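Below: the structure, in structure tokens.
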Amino acid sequence: MTDRLDDYRRKRDARRTPEPVPPATPGPTGQCRFVIQQHHARSLHWDVRLERDGVLVSFAVPRGLPRDRARNNLAKHTEDHPLEYLDFAGEIPAGEYGGGRMTIHDQGTYEADKWRDDEIGVTFHGERTNGRYVFFQTGGRDWMVRRMDPAEPGWEAMPDAVQPMLATRTAGLPPDDGDWGYELNWGGRRVIAYISGGRVRLSDADGADVTSWYPEIRPLGPALAPIEAVLDGEIVAFDGARPAPELLARRKAPKDSAAARRAAERTPAHLLLYDLLWLEGHATTELVRYAERRELLDGLDLAGDHWQTPPYFPGGGEFALETARTQGLNGVIAKRLDSPYLPGRRSRLWLSIPA
């Protein structure tokens, strides 16, 4: 009888990896368990493993399981894994097969209502993952996975495009200072960031996709995973601590990915994120106040080499203006603490005030 773990063992050296490498394949346990591991390897992906006939039938899913029926996600059928992998988490050394950090995203049981060589239908019962999914073969080891059940109650699909809300220019600070929050006017390039499945997509104020322009921003996706969000912010280049629009102007549309990487090395950009428009299946634009959106945004703890959430000043207009002058900025953006987010609209709920 063929040992279904032969391929798994050939790819691993038990002396060099913390992964379980059992000498023999056990028989079926009569159970239907699953594990989903978040795998920060050469590229982030999620490994979905289903217990079947004494092994874990495994799929690498680059964007994770879809959370609604709006899309199918790619799945790569990989080698069977040992049952000990149901509890495995750790750092696979660089240079080894699958090198990178692996954490457990979810565990539980499943029911199989279809199991063919080219199609597998299962219903997950996990802490994070529930519902019916179908894995179906499209060619060789290439499969797709689709959610068959409706999304969880209250879930809204991530919007494909959101136009940024705009501020109205005014001469001075509002008189009711305590009702406003103040952000520095960084003078950068306005972008909306869509983060899903550990990937980032950036669109500018006109809706053009500018993701390829800024490769240094892409690690934000894996850093935030598995959380999915839509964020409002702007791209800024700095000369020391000073925002430098003249440096940002050097970041033109790249000819190719190599040119983009060279530009990022010469003139690194930073993504400053100051509003939250959608989070984990829930729109936050019209029903959530600005102050609450900022609280949710701060809770994401977005701080990296090329992205951050700059502070805002509730009820601190004079201090914010003085800070802007000290840093040589154009001024501040005042936003009413109770304001909704109105995509594509210019409103007096947001004010642009010169320094």
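Things worth noting here:
- Only one of the listed residues (Ala244, Ala258, Ala253) is of a type outside the set (D, E, K, R), within 18 Å of Val191 (Cβ to Cβ) and under 25 Å from the mean Cα position of the chain (by Cα). That residue is Ala253.
- Selection status of Pro311, under 31 Å from the mean Cα position of the chain (by Cα), within 17 Å of Glu234 (Cβ to Cβ) and either crowded, with 16+ Cβ neighbours inside 10 Å or at pLDDT 95 or above (or both): no
- Residue in region 287-302 that is among the β-branched types (Val, Ile, Thr), within 29 Å of Pro153 (Cα to Cα) and in contact (Cβ under 8 Å) with a residue 40 or more places away in the chain present: yes
- Of the residues making up region 104-128, those that are open to solvent by 20 Å² or more (accessible area, probe 1.4 Å) and either among the aromatic types (Phe, Trp, Tyr) or assigned to a loop (DSSP other than H, G, I, E, B) (or both) are Trp115, Arg116, Asp117, Asp118, Glu127, Arg128.
- Filter pass, Arg348 being part of a strand (DSSP E or B) and surrounded by fewer than 16 Cβ atoms within 10 Å (Cβ to Cβ): yes
- Condition broken by Arg293, with the remaining ones in (1) closer than 30 Å to Pro66 by Cβ; (2) assigned to a loop (DSSP other than H, G, I, E, B); (3) open to solvent by less than 20 Å² (accessible area, probe 1.4 Å) satisfied: (2)
- Of the strands (runs of 3 or more DSSP E) lying entirely inside region 26-103, those containing at least 3 residues that are open to solvent by 10 Å² or more (accessible area, probe 1.4 Å) span 33-40, 44-52, 73-77.
The values are calculated or read from the model by the stated rules, or taken from the named source; none is laboratory data. Worth saying up front: this structure is predicted, and the values here are computed from it rather than measured. Note that each Cβ is placed from the backbone with ideal geometry, even for glycine, and that neighbours are counted across all protein chains shown. For the accessible areas, the whole protein counts, side chains as well, though only heavy atoms, and no ligand, DNA or RNA atoms are used. Shrake-Rupley method; radii C 1.70, N 1.55, O 1.52, S 1.80 Å.
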